[in-house]
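Student: The structure that follows is given in the form of structure tokens.
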Amino acid sequence: MGFSLYKARAGSALAQVSGLRGSDSIVPWEYKMIASFRVKIALSVLFAIASFSPAAAQTPSPEGAKVYFINLKDGAEVNSPFLVQFGLSGMGIAPAGVEKPNTGHHHLLIDATLAAEQLKEPIPADDNHKHFGAGQTETMVTLPQGQHTLQLVLGDWTHIPLVPPVTSEPITITVR
């Protein structure tokens, strides 16, 4: 009776999940094989769909979009820490993770550049690549004395630069 009860319960549960009818003729190990097979099929379909989806496609930028420094000019001399304000025209700001047309969020490159291939990938997050994924439009920066280059790059909802890239001209500042 114990095995029959187990078989009946397992059969009814699998019948509900798998849609099988007349499951009394299937033994428990067959349930595992059927479930495993269905999982493999589902995963195969998902991977096939993902390989054809434009996940790596870059977000287009609207014509005339510009990003710029509001309060700093090329050749500026500043004391550290200093305020950096980001300007944007022709687009809007949206936080990272929010996919909305004609929007992006700021990234500040400090003593760094992005090569052509890097413009097709998410911008790194480190001391030279600052992310402002919450939609911030200014920040306080602390740098050692000396000359430094700054550049703004607008990234899409996945931190990938737009196409064509919306970047400021690099500026050189001197920290006293």
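Student: How many residues are of a type outside the set (A, V, I, L, M) and either touching a Gly at 6+ places or on another chain (Cβ under 8 Å) or over 21 Å from Leu72 (Cα atoms) (or both) when one looks only at segment 110-130?
Tutor: So the count comes out to 7.
Student: Scan segment 74-99 and report the pairs whose first residue is under 25 Å from Asp111 (Cβ atoms) and in contact (Cβ under 8 Å) with a residue 60 or more places away in the chain and whose second residue is part of a strand (DSSP E or B) and of a type in the set (D, E, K, R), with Cβ atoms within less than 8 Å and a gap of 6+ or a chain change.
Tutor: Pairs found: Val84/Glu138; Phe86/Glu138; Leu88/Lys66.
Student: Output yes when any residue across segment 150-158 is among the hydroxyl-bearing types (Ser, Thr, Tyr), in contact (Cβ under 8 Å) with a residue 40 or more places away in the chain, closer than 21 Å to Glu63 by Cα and out of contact with any Cys (no Cβ under 8 Å at 6 or more places or on another chain), and no when none is.
Tutor: The initial filter retains those residues of segment 150-158 that are among the hydroxyl-bearing types (Ser, Thr, Tyr), namely 158.
With in contact (Cβ under 8 Å) with a residue 40 or more places away in the chain added as a condition, the list becomes 158.
Restricting the remaining residues to those that are closer than 21 Å to Glu63 by Cα gives 158.
Narrowing further to those that are out of contact with any Cys (no Cβ under 8 Å at 6 or more places or on another chain): 158.
There is at least one residue in segment 150-158 that is among the hydroxyl-bearing types (Ser, Thr, Tyr), in contact (Cβ under 8 Å) with a residue 40 or more places away in the chain, closer than 21 Å to Glu63 by Cα and out of contact with any Cys (no Cβ under 8 Å at 6 or more places or on another chain).
Student: Only residues that are assigned to a strand (DSSP E or B) and either more than 13 Å from the chain's Cα centre (by Cα) or free of Cβ contacts under 8 Å to residues at least 60 places away in the same chain (or both): list them for segment 100-133, please.
Tutor: Result: Thr103, His105, His106, His107, Leu108, Leu109, Ile110, Asp126, His129, Lys130, His131.
Laboratory data are not the source of any read-out in this text; all were calculated from the coordinates shown. Only a predicted model underlies this, so the values are computations on that prediction, with no experimental measurement involved. Because the Cβ atoms are built from the backbone with ideal geometry, glycine has one as well, and the counts that use them run over all protein chains shown.
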